[in-house]
Amino acid sequence: MIEYTFAMIKPDAVGGKKSGNIVAMIENSGFEILRMHKIHLTEEAAEEFYAEHKDKPFFREMVNFICSGPVIILALAKENAVQAWRDLIGATDPKKAAAGTVRALFGTNVGENAVHGSDSVASAERELSMFFIDEEEFDEENDNASDDEELAFCDEEECEDDETCCRN
Ligand code: RTP
Ligand code: MG
């Protein structure tokens, strides 16, 4: 079954000009990129994103790091996407990550580890809905995509009432 997951290229990798290499790995591994944006997280958004870690000693450090520069966020689709992306990124600590994984190739240390990946289907749902539309809309796009070549070019909000829009 096609599954969705959330990926983030962290400030160390964006600043180090590794984004292109990482996106190439994503595509070469068979993921569909449904959304991709370069954004700069606010402290508030970072705290919400990392809420599960709020009691950890490194919480403030990780919030500061993820806000230290732009990140690239992606919505990815693939069979078993959550596990597939976790496998591709490797262990949290780049020194322990398997050879050839994103973190082994581009991570520096446990904090500056190049990428984020949702750790479960439930986390993926939460993280995707924090940054993107709901997963049902990805499903609808998938269903419509084959007979709608212009889909990628319309603006969801502006086109809502436009009968000539490819979505309507
Ligand atoms: P991520 O959420 O970024 O994909 O990483 P992960 O699942 O492999 O690891 P997780 O346990 O969720 O930790 C989230 C992020 O916290 C930072 N961290 N720092 N200083 C430390 O000991 C420490 N441990 C974890 C890492 O940046 C990790 O990605
Ligand atoms: Mg995690």
Worksheet item: Quick check, is SER129 hydroxyl-bearing (Ser, Thr, Tyr), more than 16 Å from ligand 2 (Cβ to nearest atom) and either without any contact (Cβ under 8 Å) to a residue 24 or more places away in the chain or in contact with a Cys (Cβ under 9 Å, 6 or more places away or on another chain) (or both)?
Response: yes
Worksheet item: Quick check: anything in segment 21-31 within 14 Å of ligand 1 (Cβ to nearest atom) and either over 21 Å from THR108 (Cα atoms) or not hydrophobic (A, V, I, L, M, F, W, C) (or both)?
Response: no
Practice prompt. List the number of the failed condition for VAL102; all other conditions in (1) surrounded by fewer than 21 Cβ atoms within 10 Å (Cβ to Cβ); (2) in contact (Cβ under 8 Å) with a residue 60 or more places away in the chain hold.
Written response: (1)
Discussion item. Please return the ranges of helices (runs of 4 or more DSSP H) entirely within segment 5-50 where 1 or more residues are touching a strand residue (DSSP E or B) at 6+ places or on another chain (Cβ under 7 Å) and at pLDDT 95 or above.
Written reply: 11-15, 19-28
Item to complete: Would you tally the residues in segment 82-140 being more than 12 Å from ligand 1 (Cβ to nearest atom) and part of a loop (DSSP other than H, G, I, E, B)?
Response: 7
Worksheet entry | Test: ALA46 is surrounded by fewer than 20 Cβ atoms within 10 Å (Cβ to Cβ), closer than 19 Å to MET130 by Cα and either in contact with a Ser or Thr (Cβ under 7 Å, 6 or more places away or on another chain) or among the hydrophobic types (A, V, I, L, M, F, W, C) (or both) | yes
Worksheet item: Taking ASN142, is it modelled with pLDDT of 95 or more and out of contact with any Lys or Arg (no Cβ under 8 Å at 6 or more places or on another chain)?
Response: no
Discussion item. Every residue in segment 66-93 that is away from ligand 2 (no atom under 13 Å from the Cβ) and more than 17 Å from the chain's Cα centre (by Cα), please.
Written reply: SER68
Practice prompt. Scan segment 44-64 and report the pairs whose first residue is under 20 Å from ASP12 (Cβ atoms) and whose second residue is away from ligand 2 (no atom under 14 Å from the Cβ) and not in a helix (DSSP H, G or I), with Cβ atoms within less than 8 Å and a gap of 6+ or a chain change.
Written response: ALA46/CYS67; PHE49/LEU41
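The values are calculated or read from the model by the stated rules, or taken from the named source; none is laboratory data. It should be emphasised that the depicted structure is a prediction, and the values quoted were computed from it without experimental measurement. All Cβ positions, glycine included, derive from the backbone under ideal geometry; neighbour counts span all protein chains shown.
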